[in-house]
Amino acid sequence: MLQRPLERKRTAGAFIAVVTLVVGVWARETGRSWQSMMFLILGATQLGVALGSRARPGSMANPFLLVAVGAALGLQVAGVYLPPLRELLGTEPLPLTDLVIVCAVSGLGHVAMRLQARLWPERPPSGGPPRPQRR
């Protein structure tokens, strides 16, 4: 079964939303800084999806994507840990355990996109057979 690009985007968006909301509710119910966790999860999961959506993951075909992802992640973390940005954004610094949870869960964005690409390959533009997956 082939999947269209619009369906891929909807699936990725729904995945990001569900992950963010689940972590936010769990964090709030367990007395953690849920706003800061949701802020980081939302952005970091989107970055994981961006990396997982690459046609050739692991290649250096577009090194600026890695630079952009690194810069965006650095700015997000700064929004949680630098006092002027914390005050502006209304975030709180996270303890190391919560930061590890955020990193682990946000990595699911990359995993979900790679799994999606393997299970439902994109329709080739020429109408021919699907492109073989690299391993």
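See the values below:
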{"quantity": "Looking only at the stretch 51-70, and only at residues there that are open to solvent by 50 Å² or more (accessible area, probe 1.4 Å) and touching a residue at least 24 places away in the same chain (Cβ under 8 Å), the one that is farthest from the chain's Cα centre (by Cα)", "calculated": "Arg56"}
{"quantity": "Residue under evaluation Leu73, criteria (1) surrounded by 15 or more Cβ atoms within 10 Å (Cβ to Cβ); (2) part of a loop (DSSP other than H, G, I, E, B), criterion not met", "calculated": "(2)"}
{"quantity": "Every pair of residues 6+ apart whose Cβ atoms lie under 8 Å, when the first sits in the stretch 101-119 and is of a type in the set (Ser, Thr, Tyr) while the second is assigned to a helix (DSSP H, G or I) and surrounded by 15 or more Cβ atoms within 10 Å (Cβ to Cβ)", "calculated": "Ser106/Val19; Ser106/Leu40; Ser106/Ile41; Ser106/Ala44; Ser106/Thr45; Ser106/Leu47; Ser106/Gly48"}
{"quantity": "Restricting the stretch 90-110 to residues that are surrounded by 16 or more Cβ atoms within 10 Å (Cβ to Cβ) and of a type in the set (A, V, I, L, M, F, W, C), the residue that is farthest from the chain's Cα centre (by Cα)", "calculated": "Leu94"}
{"quantity": "Top-ranked residue of the stretch 76-89 - restricted to ones that are open to solvent by 70 Å² or more (accessible area, probe 1.4 Å) and hydrophobic (A, V, I, L, M, F, W, C), ranked as nearest to Val18 (Cα to Cα)", "calculated": "Leu89"}
{"quantity": "Unmet requirement for Gly48, which otherwise passes all of (1) open to solvent by less than 30 Å² (accessible area, probe 1.4 Å); (2) over 19 Å from Arg114 (Cβ atoms); (3) not aliphatic (A, V, I, L, M)", "calculated": "(2)"}
{"quantity": "Flag for Arg32 being at negative phi, part of a loop (DSSP other than H, G, I, E, B) and surrounded by fewer than 17 Cβ atoms within 10 Å (Cβ to Cβ)", "calculated": "no"}
{"quantity": "Residue within the stretch 114-127 that is open to solvent by 60 Å² or more (accessible area, probe 1.4 Å), at pLDDT below 95, touching a strand residue (DSSP E or B) at 6+ places or on another chain (Cβ under 7 Å) and not acidic (Asp, Glu) present", "calculated": "yes"}
{"quantity": "Neighbours by Cβ (under 6 Å, 6+ apart or cross-chain): first from the stretch 5-31, of a type in the set (S, T, N, Q); second part of a helix (DSSP H, G or I)", "calculated": "Thr20/Met38; Thr20/Ile41; Thr20/Leu42"}
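The values are calculated or read from the model by the stated rules, or taken from the named source; none is laboratory data. This one's a predicted model, so the numbers in the text were calculated from it and none came from an experiment. Glycine gets a Cβ as well: all are built from the backbone with ideal geometry, and neighbour counts include every protein chain shown. The area values use the complete protein model at the heavy-atom level, side chains included, leaving out ligands, DNA and RNA. Shrake-Rupley method; radii C 1.70, N 1.55, O 1.52, S 1.80 Å.
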